[in-house]
Amino acid sequence: MEEFEASDCSAEVVYIGGGNLMVIYKNEEIYRKANRIFSRMLLDETWTVNAVVSCVSVSGDFKADRAELYRQNAINKSTGSINVPCSVLPFTQVDMRTYMPIVEKNKYKQDSLSCESVCKYKAYDDIDIKEELSTIYLDELTTEKGKESLLAIIYIDGNNMGAKLRDKIGDEHDYDKCINALRRFSEKTAHDFVEAPISAIEKTLLEMQNAGISYAKYRKVIAGGDEITLICNARIVPEILDVYFSTLDSKNSNNYACAGVAIFHSHAPFADVYEIAEQCCESGKKCSRKYGSNANFIDFHYCRAGITNDMEIVRDKQEKELTARPYRVDGEHNGYSYPEFIEFANEIKEIGRANIKELAAAVIKGESYYRFEIERINSRFKDKNIHIDSKDERSRKMIFDTAQVYDLWFAGEEEN
């Protein structure tokens with residue numbers, strides 16, 4: 001801190017990541033000037049992005065200053081007004097999705113574009129994808145264009161990172177020591193939660209490509225801090241999740257995360273599907289908190305037809321008492337684990353797709369329908385030593401969950 005005060009630097013970045021930026025300025029005048037430049041840059045280049053900015057005076061106690069900064073930021077988020085760059089007049093043509101004024105028309109595509117859309121198209125055109133495993137075109141991720149367009153958004157977020165950071169800082173209050181601890185923590189977090197898993201995922205996808213699976217690619221949306229969001233073919237989700245959590249190695253690293261998976265058709269609105277994936281991740285986090293956040297969870301949801309409700313409403317209205325999701329990766333939660341679910345699905349697929357779908361339909365219809373189907377299937381597959389207990393609630397819920405993703409994750413080549 002003393003070196004910074006004696007230097008010619010006007011400011012020093014303390015932390016950047018996850019949508020947060022923390023900077024120490026030499027004085028308030030420099031802070032205000034920098035904030036004006038930053039605000040203008042956001043207005044000119046992003047058009048609709050807003051930033052919540054808070055500041056506190058440096059007291060010399062990093063821990064106390066950081067706590068006060070977070071308190072001020074929470075107040076600003078709750079009470080600050082969201083500024084809209086411009087309003088529109090009654091005769092102004094607007095974008096029906098964002099209600100921003102139309103500033104440009106593409107005569108070839110017949111698109112009417114707002115300034116925000118123009119910026120997005122420009123950023124899209126500027127992307128240079130050279131890696132054979134990555135793509136910016138979602139059509140390249142589908143199994144076969146025109147026949148199956150099912151993709152998945154995988155949203156993975158680390159558990160309880162704020163508490164871990166507090167533990168790293170401990171009772172230390174010195175600025176230099178706290179900032180160094182914060183930076184070391186950030187570097188390790190980025191390596192453990194993003195860099196190492198992404199590298200392992202790419203290695204696995206390359207092996208799958210060499211085995212003839214052409215759609216073994218991904219599109220990286222977010223990869224920073226403790227968060228990964230990527231888009232991939234819905235069929236390769238289990239492989240990606242297995243690689244991620246095995247690389248995370250929670251038992252030895254003490255790092256834990258939750259994954260939310262939203263399966264969707266490639267033409268579905270990305271923002272809506274992304275929100276479902278985020279909600280699936282949060283569903284896992286709620287369960288993880290029962291274990292002090294020291295547990296990994298996976299939740300998945302199949303987005304069918306139009307997305308009109310959030311995931312919690314769908315679960316409450318349509319799947320309550322029917323599903324075992326979310327599943328715990330590294331143990332059991334309410335008697336269920338993700339490895340057990342995968343093993344169960346691979347065993348029960350012996351009865352065939354049609355029977356699994358009939359069982360899932362019977363689960364929804366009611367107990368008597370389910371018992372009838374169980375008796376029919378048990379009698380038919382007696383010679384294969386397959387027996388399903390109609391009173392076993394665990395099997396019933398896993399059968400329902402298996403049916404949701406059976407065609408994508410468990411069906412054999414002959415069924416596909």
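Just one of (1) 26.1; (2) 20.3; (3) 23.8 is mean projected area of the Cα convex hull in nm² as worked out from the coordinates here. Which one is it? The value matching this structure is (1). Once the Cα atoms are used to define both axes, helix 175-190 deviates from the longest principal axis of the chain by about 30 degrees.
What does the charge dipole of region 138-336 about its Cα centre add up to, to the nearest 20 debye, if the Cβ of each Lys and Arg holds +1 and the Cβ of each Asp and Glu holds -1?
The dipole of region 138-336 has a size of about 180 debye.
Model label sites at Glu350 and Leu322, defined 7 Å from Cα along the beta-carbon direction, differ in position by 2.7 nm.
Which lysines have a Cα less than 16 Å from the Cα of Lys217, not counting those fewer than 8 places away in the same chain? Hits, sequence-local ones excluded: Lys130, Lys145, Lys203. In terms of its C-alpha gyration tensor, region 2-79 comes out oblate, because a/c is 1.5 or above while a/b does not outweigh b/c. For the pair Glu343/Val13, report the inter-label distance in nm, with labels modelled 7 Å from Cα in the Cβ direction. Between Glu343 and Val13, the simple spin-label model gives 4.6 nm. Ordering Tyr406, Asn180, Gly17 by Cα displacement along the dipole of the chain toward the positive end leaves Tyr406 in first place; charges were set at the Cβ atoms of Lys, Arg (+1) and Asp, Glu (-1).
Say a site is exposed when it is one of the chymotrypsin sites (Phe, Trp or Tyr not before Pro), sits in a DSSP loop, and has at most 14 other Cβ atoms within 10 Å; what is then the longest site-free stretch of the chain?
Details: sites that count: Phe91, Tyr99, Tyr108, Tyr137.
That would be 138-416.
Hey, which of these cross-link pairs are over 28 Å Cα-Cα: Lys349/Lys391; Lys177/Lys286; Lys26/Lys120; Lys26/Lys77; Lys290/Lys384; Lys251/Lys349? Numbers along the way, then the final one.
Values: Lys349/Lys391 20 Å; Lys177/Lys286 33 Å; Lys26/Lys120 35 Å; Lys26/Lys77 25 Å; Lys290/Lys384 40 Å; Lys251/Lys349 31 Å.
Cα-Cα > 28 Å for Lys177/Lys286; Lys26/Lys120; Lys290/Lys384; Lys251/Lys349; rest within.
We did not get these values from a lab; they are worked out from the coordinates using the rules stated. Computed from a predicted model, the values in this text were never measured in an experiment. When we count neighbours, we look across all protein chains shown, and the Cβ atoms used for this are built from the backbone with ideal geometry, even at glycine.
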